[in-house]
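To start, the structure itself, in structure tokens.
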Amino acid sequence: MNLKTIFKRLVLLDLSLIILLFVSVFFESEEVLRFNESLNPISNMILTLSGILLLVYLINLFLLYRFISIGKQMYLIVFVLGIILSLIVGASAVDPWLYVIDGLGWSVSGALLILLYFSPIKKEFEK
């Protein structure tokens, strides 16, 4: 299989996992919801930053899919900002299936980073 095809499928898989993650949040169990409410509530500023980061991430996935050069650098920045935002938000509980979806998302992001910087696909962004 062509490396470009694999890369594009990984980008689509990442988009699918984000959509699945967003939808699955609405089906969290009552125990998890009560536990998360008992922890420190998330401020409006963090929710706004998360929304902006999500929008930028979705735009970035489009740029990666189209092999637009700014997408390569932007993906690394958005990835690091996502890690920082996760650390700022603090502790929270999730259901097991949501945890698996999130783990798969991080794995796909790691695979995309490896392909972007350590494979011949990086030359596609130099055109």
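The values are calculated or read from the model by the stated rules, or taken from the named source; none is laboratory data. Please read all numbers here as calculations on a predicted model, not as lab measurements. Backbone-built Cβ (ideal geometry, glycine too); neighbour counts: all protein chains shown.
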### Query
What's the number of the condition Lys127 fails, among (1) surrounded by 13 or more Cβ atoms within 10 Å (Cβ to Cβ); (2) at negative phi; (3) in contact (Cβ under 8 Å) with a residue 60 or more places away in the chain?
(1)
### Message
Scan the stretch 11-30 and tell me whether some residue there is touching a helix residue (DSSP H, G or I) at 6+ places or on another chain (Cβ under 6 Å), among the small types (Gly, Ala, Ser) and not in a helix (DSSP H, G or I).
### Response
no
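Condition check ((1) in contact with an Asp or Glu (Cβ under 9 Å, 6 or more places away or on another chain); (2) modelled with pLDDT under 95; (3) small (Gly, Ala, Ser)) across all residues:
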position: Phe35; (1), (2), (3): no, yes, no
position: Ser38; (1), (2), (3): no, yes, yes
position: Ile46; (1), (2), (3): no, yes, no
position: Leu63; (1), (2), (3): no, no, no
position: Ser86; (1), (2), (3): no, yes, yes
position: Leu98; (1), (2), (3): yes, yes, no
### Query
Considering Ser92, Ser86, which residue is loosely packed, with under 14 Cβ neighbours inside 10 Å, touching a helix residue (DSSP H, G or I) at 6+ places or on another chain (Cβ under 8 Å) and among the hydroxyl-bearing types (Ser, Thr, Tyr)?
Ser92
